[in-house]
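The values are calculated or read from the model by the stated rules, or taken from the named source; none is laboratory data. All figures in this text were calculated on a predicted structure; none of them were measured in a lab. For neighbour counting, all protein chains shown are included, and Cβ atoms are generated from backbone atoms with ideal geometry for every residue, glycine included.
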Amino acid sequence: MAAAAAATQVGAALKKNKKKKKGAEEGEQGVDDNELEDMDLSAARYKPEGLDELCKTTKFNKQELQVMYRGFKAECPTGVVNEETFKSIYSQFFPHGDSSQYAHYVFNSFDTDHNGSITFEEFISGLSILSRGTVVEKLNWAFMLYDINGDGSITKEEMLDIVTSIYDMMGKYSQPSVDELSPKDHVDKVFRKLDLNRDGVVTIDEFLESCRQDETISLSMQVFDTIL
Amino acid sequence: MAAAWLPFARAAAIGWVPIANTPMPDIPRRTSEGNMNSRVIINISGRMFETWRYSLEKYPDTLLGSNEKEFFYDEEKDEYFFDRDPEFFRHILTFYRTGHMHFPRSECISAFDEELSFFGILPEIIGDCCYEDYRDRKRDNSDRVADEKSSEVEDTVLPSTFRGKVFRAFENPQSSTMALVIYYVTGFFIAVSVIANVTETVHCDPFPGKTSAVPCGERYEKGFFILDTACVMIFTMEYLARLWAADDRCKFMRSVMSVIDVVAILPYYVGLFVTGDELTGMFVTLRVFRVFRIFKFSRHSQGLRILGYTLKSCASELGFLLFSLTMAIIIFATIMYYAEKSDTNTVFISIPAAFWYTIVTMTTLGYGDMVPTTILGKIVGGMCSLCGVLVIALPVPVIVSNFSRIYHQSQRTDKRKAQRTARLARIKLAKNASGTAFVARKKEAERLAQSGCSQEEIQNKISSYETQHHHLLACLENATNREFVETEYTYNGIPFARTLTPQHDTPHSLSNSPTDNTTQEFQGNTICCNRSGKRYMQANTEDGTELNEIHIRQPNRTRADLNTNNPRGNCTPMVTTTIVTLSTPTSPLDSDSIHSRHSAYSTHSAHSSNSEGDAYDNSCIMRVSAL
């Protein structure tokens, strides 16, 4: 009896191993192996376009592209960034707070084809718009960022999510400190400013219009270019 | 590496613009070219390494990231020369490149530590992949060192008191001739006692005049009694001597060996005091306990001790083995009983009675005192013996090796679980430290900008990358209407945010502390507070003798400071390393005397009594105390 029990146990263990190989049950490991294989094969084949073509399509010069590609590839040797890596890179710039949520939103806005990874072209084209584009282009991008579900209008909840994630980046050690209500108040204020027809949602036209009227915003947009 | 992502992070900050109430701060324009493309050559004992300058500057707290490397600069060849081991430097450079330090398994741990400390890198940043290994090796090494030291100490440090000498004699037989004598004498008497116990029961010639053989114990009762007494006396004396010589008596009394000693001699005394009829039943039990004297040999034999320790540590596995065997026995005994029930004369009168049969059969002993008679019973009996073979004989080696493996694994898991909190704390600490360093640098840059230094000088001190990073953080502060606060580390390493409001009432003794500054503090202003609000230089209202604790900003202000220290004219940043000595306190604590108070011992001291009277070293947190 006990021998039968022992025998069945051994048999179950063997079966488990087989299952692991197939990656069906137990195996987070098994599944990962399969996924990794697929990913490695496809990722290893990724290469960006040539330097000259990228120069033409974006507003960066050769040297800047060089520096940026080197950094990109150093961080992501496979040539594409996935969300986890993206979040970890982004968090290096905000050492105190928790920037993962904001990074998630930014990632979604850069990942234009929504396949979960950003290639160098997507990266560089987004960057070109953001740092060297016109104010309208930048505002368009900001709208896309705020519009989390992509339905063409920003609701108060979406804005609250974004603002909360921005406040999270400050972290605990800020003066005055961040509490529960600060994002909410902030959102109320901003929403009142942006929502021109008071219908509770902000469409792209309202957004562009109110931002254009606001001097501070137009001025502030210029500030974010970077010299490498 | 992350530097190349900075433009991206800054571009993503456009998302903060719509929610900001005030315009974003402008970024100081740089006149000189960025240095993203400049490389640095490092010559390590002839082997050349080359890397980007900015990747070294990512860690301003280390030798290569700070100005300290200028000491090693060779102008003719435009390289930095270090006379160190090139093999190790590979790993150091990997750290700068990737942010993780990997521990090379083939290397010696103390050499590795030396290299790390030379280059100013904390061992805490070793990546998770290598950290366990590093810790284990380090522990082995420190154990080895400790063992060496302790054995040295043992040999050299002789116990001074007589008591110490006696203790040492008991513990270590090799220490002196006296100890050796004690060792052998006790051993001899243990052996004698055990042999006496054994031969007591052998049958000797009968009493004269009687026919039946009696055990020698009864024949030569007196002789055995004398022998027993002698042994017990020796054991008692030994036990009492150990007890007296022990440092920690309670601990000694709780130890296993002393319990064995007590158990060994107790029966004799009990036998002495309890006489009469009630003795006989107990007597037998007490006699049995005398055999425990054999365990006293474990003081003489290391192997026995190791065996005991092994059993103790494998106790849970052995317990499980026993449990599963018990299950099998109960199952088979039950089946056997019910199978044999049909036979009226059966031996298996109850299930517990069948236990004996099951055990004997499963261990393939087969005494034959109990046998099944019915056919069903015989079938069950056959199955039982087959199962016994399989259950006991086959898996035993497998179980043994499995136990060893599982045991080590669970030990490792438990260790990892126990260390998990420590690991998380370590990660948090490292993150906090880097965060603090960032914010500190940022504040430093702000102060520098406001102190009116020329653009060029600022650019020399702070790289382009850093300027833009600071600008990014400043924009975040603007967008959220908050401000980053520098954190301090207290002595136990827990950071906390500085409170801007002083804890005592700004005392009247701070005579010319400008009152507007204090009111500004209470308003919780932004930039101004950073400059003047951090004055904790308060004294008690007594004669200024007792002051509060020292808070010294802990991230040791060595290398990062070298980057900012620049004793040139008015652009002296307010950074000092202070070892504060308390001069004899005189009464009014105006700002000047406060300066004289911290007679700072520092290489680059910015006694900024040159500039405004109250622009002091506010980057040092000052609560001066009586050292």
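Residues in segment A:155-190 that are of a type in the set (A, V, I, L, M, F, W, C) and within 10 Å of chain B (Cβ to nearest Cβ): A:Met159, A:Ile162, A:Val163, A:Ile166, A:Met169, A:Met170, A:Val178, A:Val187, A:Val190.
Selection over segment A:58-73 of residues that are surrounded by fewer than 17 Cβ atoms within 10 Å (Cβ to Cβ) and either within 10 Å of chain B (Cβ to nearest Cβ) or more than 18 Å from A:Ile124 (Cα to Cα) (or both) gives a count of 4. Out of segment A:218-227, which residues are crowded, with 18+ Cβ neighbours inside 10 Å and either touching a residue at least 24 places away in the same chain (Cβ under 8 Å) or more than 8 Å from chain B (Cβ to nearest Cβ) (or both)? Hits for segment A:218-227 are A:Met221, A:Phe224, A:Thr226. When the residues of segment B:66-116 are filtered to those that are surrounded by fewer than 16 Cβ atoms within 10 Å (Cβ to Cβ) and basic (Lys, Arg), the one that is farthest from B:Phe49 (Cα to Cα) is B:Arg105. Is there any pair linking a residue in segment B:248-259 that is at pLDDT below 85 to one that is among the aromatic types (Phe, Trp, Tyr) and surrounded by 12 or more Cβ atoms within 10 Å (Cβ to Cβ), with Cβ under 6 Å and at least six apart or on different chains, and which? Between residues of segment B:248-259 that are at pLDDT below 85 and residues that are among the aromatic types (Phe, Trp, Tyr) and surrounded by 12 or more Cβ atoms within 10 Å (Cβ to Cβ), there is no close pair.
Out of curiosity, is B:Ala241 part of a helix (DSSP H, G or I) and in contact (Cβ under 8 Å) with a residue 40 or more places away in the chain? It is true that B:Ala241 is part of a helix (DSSP H, G or I) and in contact (Cβ under 8 Å) with a residue 40 or more places away in the chain.
Among the residues of segment B:230-244, which ones are polar (S, T, N, Q) and buried (at least 18 other Cβ atoms within 10 Å of the Cβ)? None; the set is empty. A:Gly150 passes every criterion in (1) more than 11 Å from every other protein chain (Cβ to nearest Cβ); (2) in a helix (DSSP H, G or I); (3) closer than 30 Å to A:Gly71 by Cβ apart from (2). Which one of B:Ser463, B:Ser509 is hydroxyl-bearing (Ser, Thr, Tyr), surrounded by 14 or more Cβ atoms within 10 Å (Cβ to Cβ) and modelled with pLDDT of 65 or more? None of the others qualify; the one that does is B:Ser463. Per the conditions (1) more than 12 Å from chain B (Cβ to nearest Cβ); (2) in contact with a Phe, Trp or Tyr (Cβ under 6 Å, 6 or more places away or on another chain), the sole criterion not satisfied by A:Phe207 is (1). Among the residues of segment B:52-71, those that are more than 36 Å from the chain's Cα centre (by Cα) and either among the hydroxyl-bearing types (Ser, Thr, Tyr) or closer than 15 Å to B:Phe82 by Cβ (or both) comprise B:Glu70, B:Phe71. Restricting attention to segment B:17-29, and to residues there that are at the interface with another protein chain (Cβ under 7 Å from one of its Cβ atoms) and surrounded by fewer than 23 Cβ atoms within 10 Å (Cβ to Cβ), which single residue is modelled with the lowest pLDDT? This residue is B:Ile27.
Considering only residues of segment A:99-141 that are assigned to a loop (DSSP other than H, G, I, E, B) and surrounded by fewer than 17 Cβ atoms within 10 Å (Cβ to Cβ), which is nearest to the other protein chains (Cβ to nearest Cβ)? The qualifying residue nearest to the other protein chains (Cβ to nearest Cβ) is A:Thr134.
Just a yes or no: is a residue in segment B:344-365 in a helix (DSSP H, G or I) and either exposed (fewer than 15 other Cβ atoms within 10 Å of the Cβ) or among the acidic types (Asp, Glu) (or both)? Yes - at least one qualifying residue is present in segment B:344-365. Quick one: in segment A:80-98, which of the residues that are away from chain B (no Cβ under 12 Å) and in contact with a strand residue (DSSP E or B) (Cβ under 7 Å, 6 or more places away or on another chain) is farthest from B:Ala437 (Cα to Cα)? The extreme case among them is A:Val80. Looking at B:Phe320, B:Phe355, can you tell me which residue is modelled with pLDDT under 90 and aromatic (Phe, Trp, Tyr)? None of the other options fit; the residue is B:Phe320. Residue check: is A:Glu215 surrounded by fewer than 16 Cβ atoms within 10 Å (Cβ to Cβ), within 11 Å of chain B (Cβ to nearest Cβ) and under 26 Å from A:Phe110 (Cα atoms)? Against the criterion (surrounded by fewer than 16 Cβ atoms within 10 Å (Cβ to Cβ), within 11 Å of chain B (Cβ to nearest Cβ) and under 26 Å from A:Phe110 (Cα atoms)), A:Glu215 does not qualify.
Close contacts from segment A:184-205, counting a first residue that is at positive phi and a second that is surrounded by 15 or more Cβ atoms within 10 Å (Cβ to Cβ), with Cβ to Cβ under 9 Å and a gap of 6+ residues or different chains, come to A:Gly200/A:Thr155; A:Gly200/A:Lys156; A:Gly200/A:Phe191. Picking from residues in segment A:63-93 that are touching an Asp or Glu at 6+ places or on another chain (Cβ under 8 Å) and either in a helix (DSSP H, G or I) or modelled with pLDDT under 80 (or both), the one that is nearest to B:Ser38 (Cα to Cα) is A:Ile89. Listed conditions (1) part of a loop (DSSP other than H, G, I, E, B); (2) in contact (Cβ under 8 Å) with a residue 24 or more places away in the chain; (3) more than 28 Å from B:Tyr465 (Cβ to Cβ) are all met by A:His96, apart from (3). Selection of segment B:288-302 for residues being at pLDDT 80 or above and under 35 Å from the mean Cα position of the chain (by Cα) yields B:Ser298, B:Arg299, B:His300.
For segment B:93-113, taking the residues that are assigned to a helix (DSSP H, G or I) and either without any contact (Cβ under 8 Å) to a residue 12 or more places away in the chain or of a type in the set (Asp, Glu) (or both), the one that is nearest to B:Met48 (Cα to Cα) is identified as B:Thr94.
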